Amino acid sequence: MLFRRFLFTPSKITNDILQIPTHELLQQLGYVKQASSGILHWLPLGLKTLRNVEGIIRRRMNESGAHEVSLSSLSQRSLWETTGRWSNTELFKLKDAKKKDYCLVPTCEEEITWLMKHYLTSHKDLPTIAYQITRKYRDELRPRGGLLRGREFLMKDAYSFHLNSDDAVSTFENMNATYDKIFSDIGVPFVSAVADSGDIGGDLSKEYHFIHESGEDTLYQCSSCKAVSNVEKCGSYPQESNQYLGDVSVKYALNQDNDTLVCLYYPANRQFSWNLALEALDNDIEPKTKEMTNEAVLSKFTEDYDPIFNGITRVMDVRLNSRSNFPDFPLKSYLKNNFAQLNDYSIVDAEEGEICASCEEGELESAKSIEVGHTFYLGKKYSQAMNATVRQQDNSDVVMEMGCYGIGVSRLVGAIAQVTRDEKGLKWPSSVSPYKVSLCANEKSLEQLEEVRTHLQLEPFTQFDAKATIGARIQQSHSLGIPIAIIVGPKSWPNVEMEVRADFKSNNWETDYKKLHTELKWEYNPESQKHFVHNTKVNDVANILLKDL
Ligand SMILES: [Zn+2]
């Protein structure tokens, strides 16, 4: 039935759309409804959008050879204790009637490793990768931005299992190629950021981001080598070394043998970076001392301090000058032979305008971004803890290597909405839009509208408020973010008008227009940017345009 009263009719927006935060806009337009802080219900328009995003991800994951599974959202405490993750404060914990502890899963490394242990027994079963698109939970203290950081969210998580690290790294690369395809299919410009240099055994990982001023992350891009990295992993050098004359801060730590005091000196006006410091020291730091205060580290070190056996390593940030204002050195005596100094390392977060540490040529430009995907090479972190082994060719058992690959699907819907919206409302790329076209007519043109519908092979959005004028319908179609509004009116009949709302990603339609406009009775007015087409040809023209949207 046409013009039925749509249960979740979007509200008419009267105030300045630009002033409305995106999560609020999604509610007013009838995509989602917030139940309480960080908890959302999906309404028909939102659900269609979510499923379109899900469909793109599922298609590419299946193409990569991954097996789709769906694990329970409830997971028992014992598994999480095996890996030391039960103490995570963001874990949503609950008890059953017998007071047994469970959590609502935030990710599934534990459960999938437990599951796969039963099916992966021989080296011949590897490599393999399993994924799921399921709801996940996080006991977020301060949920923000609706879909971007909720307490319940839809997530695609994939886990791969391997005989050795070479194989794990090669799957890691393949998954990154799959992610490139997924984000290209979605059609919103994205960047992939190196999250680490990628030494085998280190935390090899890659992040996928949309660049946007509202983002919570900061990325740096090099003007020369174009490498993009997260601020936490971005190495930089100052334009000129040893120029800093101000106050110097110090961070103390111990090496892994606990026999050397490591003193890390850096400009007091900069943010110290453990990632870069660990790189400078080849990871030779006792992890516990990273979290300890300087006083605690010093008292531990001086307890049994013996200048003969204990050493001191000083790491100087490359910006420091011998005339910088250093804090007093805490030890009264030490032997020169046990003293080492590392100069010219950069151990603070990068800043815009500094030199890229990868190519040592380009300047770093910073940009705010929204993270939408992350891939990791995990090594044996989980498989070791859970004793997930397979039998090798020589009959010995080996712990499997693993990788994991996440995309926050509901978060991605929120991020796409956020980066594509404008002063008229949402502006979906056609890949994810809940409807590709809308049909706008007033009640006098109902018959013609039905006629157009018979020529359309796409399901159009028609659920406007029954009393809305044709102008209001076009406006609503645009604010809902539907890529094309098809306007049916007595003046232009038997032709209809098409207004494009979505951004053009390419202009291939122009070639088709030149070739086919006579045959399709298609006229384009460059001034108004409107397309006019005979009602019988509306499907052909819509499909030509949608390929570019
Ligand atoms: Zn560079």
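The values are calculated or read from the model by the stated rules, or taken from the named source; none is laboratory data. What you see is a predicted model; the values in this text were computed from it and never measured. Cβ: placed from backbone, ideal geometry, glycine included. Neighbour counts: every protein chain shown. The area values use the complete protein model at the heavy-atom level, side chains included, leaving out ligands, DNA and RNA. Shrake-Rupley method; radii C 1.70, N 1.55, O 1.52, S 1.80 Å.
Odds and ends about this structure:
- Residues that are touching a Leu at 6+ places or on another chain (Cβ under 9 Å) and surrounded by fewer than 20 Cβ atoms within 10 Å (Cβ to Cβ) within the range 215-227 comprise Glu216, Ser223, listed in sequence order.
- Test: residue in the range 258-267 that is open to solvent by less than 50 Å² (accessible area, probe 1.4 Å), modelled with pLDDT under 90 and not aliphatic (A, V, I, L, M): no
- Any hit, the range 316-331, residues being in contact with a helix residue (DSSP H, G or I) (Cβ under 8 Å, 6 or more places away or on another chain) and either open to solvent by less than 40 Å² (accessible area, probe 1.4 Å) or away from the ligand (no atom under 16 Å from the Cβ) (or both): yes
- Answer residue from the range 376-390, given it is in a strand (DSSP E or B) and at pLDDT below 95 and is farthest from Lys124 (Cα to Cα) among those: Phe376
- Of all the numbered requirements in (1) touching a Gly at 6+ places or on another chain (Cβ under 9 Å); (2) assigned to a loop (DSSP other than H, G, I, E, B), Ala340 misses one, and that requirement is (2).
Matching residues to (1) open to solvent by 10 Å² or more (accessible area, probe 1.4 Å); (2) within 16 Å of Ser445 (Cβ to Cβ):
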{"residue": "Leu456", "(1), (2)": "yes, yes"}
{"residue": "Asp465", "(1), (2)": "yes, no"}
{"residue": "Ser479", "(1), (2)": "yes, no"}
{"residue": "Trp493", "(1), (2)": "yes, yes"}
{"residue": "Val500", "(1), (2)": "yes, no"}
{"residue": "Leu516", "(1), (2)": "yes, no"}
{"residue": "Asn525", "(1), (2)": "yes, no"}
{"residue": "Gln529", "(1), (2)": "yes, no"}
{"residue": "Asn535", "(1), (2)": "no, yes"}
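- Matching helices (runs of 4 or more DSSP H) fully within the range 409-521 where at least 3 residues are touching a residue at least 40 places away in the same chain (Cβ under 8 Å) and assigned by TED's automatic domain parsing to the domain that holds Leu25: 409-420
- Residues (open to solvent by 50 Å² or more (accessible area, probe 1.4 Å) and either farther than 22 Å from Ile211 by Cβ or not in a strand (DSSP E or B) (or both)) located in the range 136-176: Arg138, Asp139, Leu141, Arg142, Arg151, Glu152, Leu163, Asn164, Asp166, Ser170, Glu173, Asn174
- Residues satisfying the stated conditions in the range 341-360, i.e. open to solvent by 40 Å² or more (accessible area, probe 1.4 Å) and away from the ligand (no atom under 16 Å from the Cβ): Gln341, Leu342, Asn343, Asp344, Tyr345
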